[in-house]
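The structure under discussion appears below in the form of structure tokens.
No lab work stands behind these numbers, since they all come straight from the coordinates. In this text the structure is predicted, and so the values were computed from the model without any measurement. Backbone-built Cβ (ideal geometry, glycine too); neighbour counts: all protein chains shown.
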Amino acid sequence: MPLLAVALGGALTGCSLFDRDEPGTPQAQSSASAGGGARLEIPTTVAAGQVSLIQRLGDDGPLRTLSVERNGAWQCVDCAGDGVTSRGTLAPELTERLQVLLATPALADETDQARRYRTTCIDALTSSLLTSTGLITSQDCPGEERTPVAGEILLLLTQATPAEIKG
């Protein structure tokens with residue numbers, strides 16, 4: 001989970017998770033660790049059927065993280081901004097709907113890489129979904145269009161858990 005927070009912290013501050021040697025060729029970005037300069041690979045996806053939602057309000061707000069397993073079990077870290085970790089399970093019909101959405105082929109066209117997404121708003125709630133197809137970021141700011149499939153996943157997660165859709 002800490003590595004996921006580091007990976008998405010960069011994404012939520014508008015930094016790309018990808019270094020590009022050639023157009024269309026993604027590579028995992030590396031981070032130097034203390035002592036010895038060893039490099040860590042930052043994950044850009046999760047296993048099929050899983051999803052993580054990472055949210056941050058503004059540039060220096062705390063990271064709120066929600067991880068949902070294939071069976072609907074979820075864990076939310078600091079969702080209410082109080083440092084508390086909450087756990088639960090999605091209702092069976094929501095788990096089934098989430099799995100259908102995560103398996104939708106159109107989700108691949110909604111990734112940050114496919115859309116060449118860049119955050120543009122200041123002090124907005126930034127929500128990033130980490131899926132098996134890649135990272136999908138959106139901001140709660142005027143004029144930003146929601147991606148259809150990822151937007152529905154975000155809505156499902158925020159209605160069924162302590163995560164929020166707006167800052």
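Quick notes
- For trypsin sites (Lys or Arg not before Pro), the sites in segment 81-167 that DSSP calls loop and that have at most 11 other Cβ atoms within 10 Å are Arg116, Arg118, Lys166.
- Projected-area mean, segment 61-121, by convex hull of Cα positions, square nanometres: 5.6 nm²
- Using R0 = 25 Å, the C-beta based FRET efficiency linking Asp82 and Arg118 works out to 0.20.
- Pairs of Cα atoms farther than 17 Å apart, segment 85-167, %: 48 percent
- Length added when fully stretched, Glu152-Glu96, from 0.36 nm per residue minus Cα-Cα: 18.8 nm
- Looking at segment 109-162, the GluC sites (Glu not before Pro) that sit in a DSSP loop and have at most 15 other Cβ atoms within 10 Å of their own Cβ are Glu144, Glu145.
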